[in-house]
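What follows is a short report on a single structure.
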Amino acid sequence: MTRLPQSRTSRLTRPSLAAAAAIAVTAGVVAAAPDARTAEPTPKLSLIAASTSVTLDSWKEEPGVYLDLGTYLTSENGAFELKVTRKSYKDPVVAQQILRDGKKTRTRALPAGLVNDFTGLPDFTRITLTDAAGAKVLERTEAFCPNNASGRVRPDAPANSKYPESCPTNPFTLGSVWGVENGWASNTYSAYYTAPIQLDPGTYTAEINVSEKYRDLFGIADKPQTVKVVVRERSWEDSSGSAARSSAKTAASGHDAHAQHGAQAKDSAHAGHGAHTQHGAADTPAPGAVTSGAGPSYNAGHGPYPSAPPALPWALKRKALGRQAVTAAETGDGPGQTDGSRQAPGAQPNAKRPSGKASVPDVPKPDLRSLPAYGITVSDGYEEVPGKDYLAFSANVWNAGPAKLVVDGFRSPGKEVMDAYQYFYDADGKQVGYTPTGGMEWDPRPGHEHWHFLDFASYRLLSADQKETVRSGKEAFCLANTDAVDYTVKNAAWHPGNTDLSTACGYENSISVREVLDVGSGDTYTQDLPGQSFDITDLPNGTYYIQVLANPENRLKETDHSNNSALRKVVLGGEKGARTVTVPPHHLVDAN
């Protein structure tokens, strides 16, 4: 079993403890006026600072400072909740505030154009930084994901937040829920979603405030927070820096958003327990400063874990020179973390294979749907297949519900393939039926080494008239909830299990395995290795379509089989050995 290092799992750092204590102190002030909390019908939002000073690190080997200033947005008199959706990829993203008063719920439409994606509220905070002489050295705004690092600000607040952990960044996300739980506070720091800034070592003063348009919209007081900022220069070669770099390398290894492949994968720090493939491993970046989350967490800004990278494993992006790949590992994915923001162990299979007559009862079933391909690039065959051109891409199949997909694999002694069964449940969660659904096979390749469910999805490159031209050789997968695609659908699980591939996909000596795709979540695979990506060496230039097809043999029982296919248009150009790809927008989604 892949485990997080002891230093990251069982203790908070001093800055984290100090931040938590500071929040608790602030909470005492906020909680002193309970009548004020109940007097207002809508949530009362406030910007607070966990501490009056922070120390940030600038690394010699990779200069740049991440501005985790320890500021939080608190919510009192109820939870701050937003529902963010789009009807289709032809429609813009819209946001509503959800206001709850006991059993009554009402919605409030936010201004059109306020948000344009699912990563958070843009330009939410405004930060001004001055040096010791009083000269302004920085002024900028940052987005805010309400699902960021959070902690309670008063002891009578709910013990756990019901809201998801992190805001999705998959370009084909359809719906999300953001929220700050009642009596909680969420870190306004956007972590790796923002760029670091160049600051010389020294002392600075930061003034942080909520932007005026959000103060007016949500009734937030115009009370900027002032924080002393000490920037210290460090090096990986220092004893403490070496330990920090080791921690960062550990965070960048293991599961690094579906396995790495390449020369540096031989380095034990990068070999890890990969899953869904990714090619190449760039130099490990300097670790970001430990963030000031108030409790154990896995999303952007949460301490003591590294800040979250984008919640999707992008296909290979290659530098024009040096031919190095840039992977999600560069932004802090860690062992057992499939998207850098969520971690949950795999579900346990039934103790024994099902008995009695197989049946498919009339109960809710999953609805598997494909997202259009993204992260599309052209690569060569690397050292494995020189002289070849390949089209690499990322693909996601998600479950629109209303029931989760549950598949158990059982191994007969000496057999290479497990027998797989799909289970069905009634409204109370009781298992009421099952049906055989193919098998699972062990993948022994480095970076995989887990059980793959057969025939879950297939990938095909179609010609302009949508006839099959090339098919990917990758059609067996370990199922895991890597991406939050639409948390507004019925029965969506805001805290899905089975996000941790290192425990969800079994081991070579496993006798049984349970793989789950929960409602609202999808499973992204990056197809970038020869045999998985499309061989385009001898294809003529022109228009093609990447088809992502879920449940291609219809072995899985679903509510609807008509929505299993998604197409993404691409245009191939260039010459052999220097092929190019142009990816037109998919309706309003202009992202590759």
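Some points to look at:
- Members of the range 497-516 found to be modelled with pLDDT under 75 and either of a type in the set (A, V, I, L, M) or not in a loop (DSSP other than H, G, I, E, B) (or both), listed by number: Leu501, Ser502, Thr503, Ala504
- Hits in the range 535-551 - residues which are crowded, with 17+ Cβ neighbours inside 10 Å and either touching a Lys or Arg at 6+ places or on another chain (Cβ under 8 Å) or within 28 Å of Gly497 (Cβ to Cβ) (or both): Asp535, Ile536, Tyr544, Tyr545, Ile546, Gln547, Val548, Leu549, Ala550, Asn551
- Residue pairs meeting the criteria (Cβ under 9 Å; at least 6 apart or on separate chains; first on the phi < 0 side of the Ramachandran plot and without any contact (Cβ under 8 Å) to a residue 40 or more places away in the chain, in the range 74-93; second in a strand (DSSP E or B) and of a type in the set (S, T, N, Q)): Val93/Thr85
- Taken over the range 173-195, the criterion of being within 17 Å of Trp494 (Cα to Cα), among the aliphatic types (A, V, I, L, M) and part of a loop (DSSP other than H, G, I, E, B) is satisfied by Leu174 alone.
- Every pair of residues 6+ apart whose Cβ atoms lie under 8 Å, when the first sits in the range 121-138 and is closer than 13 Å to Asp200 by Cα while the second is basic (Lys, Arg) and loosely packed, with under 15 Cβ neighbours inside 10 Å: Leu129/Lys136; Thr130/Lys136
- Test result for Asn170, closer than 30 Å to Gly522 by Cα, modelled with pLDDT under 90, open to solvent by 50 Å² or more (accessible area, probe 1.4 Å) and not in a helix (DSSP H, G or I): no
Quick grid of which residues meet (1) part of a strand (DSSP E or B); (2) open to solvent by 10 Å² or more (accessible area, probe 1.4 Å); (3) free of Cβ contacts under 8 Å to residues at least 12 places away in the same chain:
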residue	(1), (2), (3)
Tyr390	yes, yes, no
Phe393	yes, no, no
Val397	yes, no, no
Val407	yes, no, no
Pro413	no, yes, yes
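- Against the criterion of being in contact (Cβ under 8 Å) with a residue 24 or more places away in the chain and either among the hydrophobic types (A, V, I, L, M, F, W, C) or open to solvent by less than 20 Å² (accessible area, probe 1.4 Å) (or both), Gly202 does not qualify.
- Within the range 505-521, residues that are over 30 Å from Thr85 (Cβ atoms) reach partners that are crowded, with 24+ Cβ neighbours inside 10 Å and of a type outside the set (Gly, Ala, Ser) with beta carbons closer than 6 Å, at six or more positions or on different chains, in the pairs Cys505/His450; Cys505/Trp451; Cys505/Cys478; Gly506/His450; Gly506/Trp451; Gly506/Val513; Val513/Trp451; Arg514/Asp408.
- Note on the range 41-100: residues that are in a strand (DSSP E or B) and under 22 Å from Arg215 (Cβ atoms) amount to 23.
- Residue that is surrounded by the fewest Cβ atoms within 10 Å (Cβ to Cβ) [pool: residues in the range 101-113 that are assigned to a loop (DSSP other than H, G, I, E, B) and in contact (Cβ under 8 Å) with a residue 40 or more places away in the chain]: Pro111
- Residues satisfying the stated conditions in the range 566-591, i.e. open to solvent by less than 60 Å² (accessible area, probe 1.4 Å) and within 29 Å of the chain's Cα centre (by Cα): Ala566, Leu567, Arg568, Val570, Val571, Val581, Val583, Pro584, His586, Val589, Ala591
The values are calculated or read from the model by the stated rules, or taken from the named source; none is laboratory data. Bear in mind the structure is a predicted one, so any value in this text is a computation, not a measurement. Every residue, glycine among them, receives a Cβ derived from its backbone with ideal geometry; neighbour counts consider all protein chains shown. Only protein heavy atoms, including side chains, enter the accessible area calculation; ligands, DNA and RNA are left aside. Shrake-Rupley method; radii C 1.70, N 1.55, O 1.52, S 1.80 Å.
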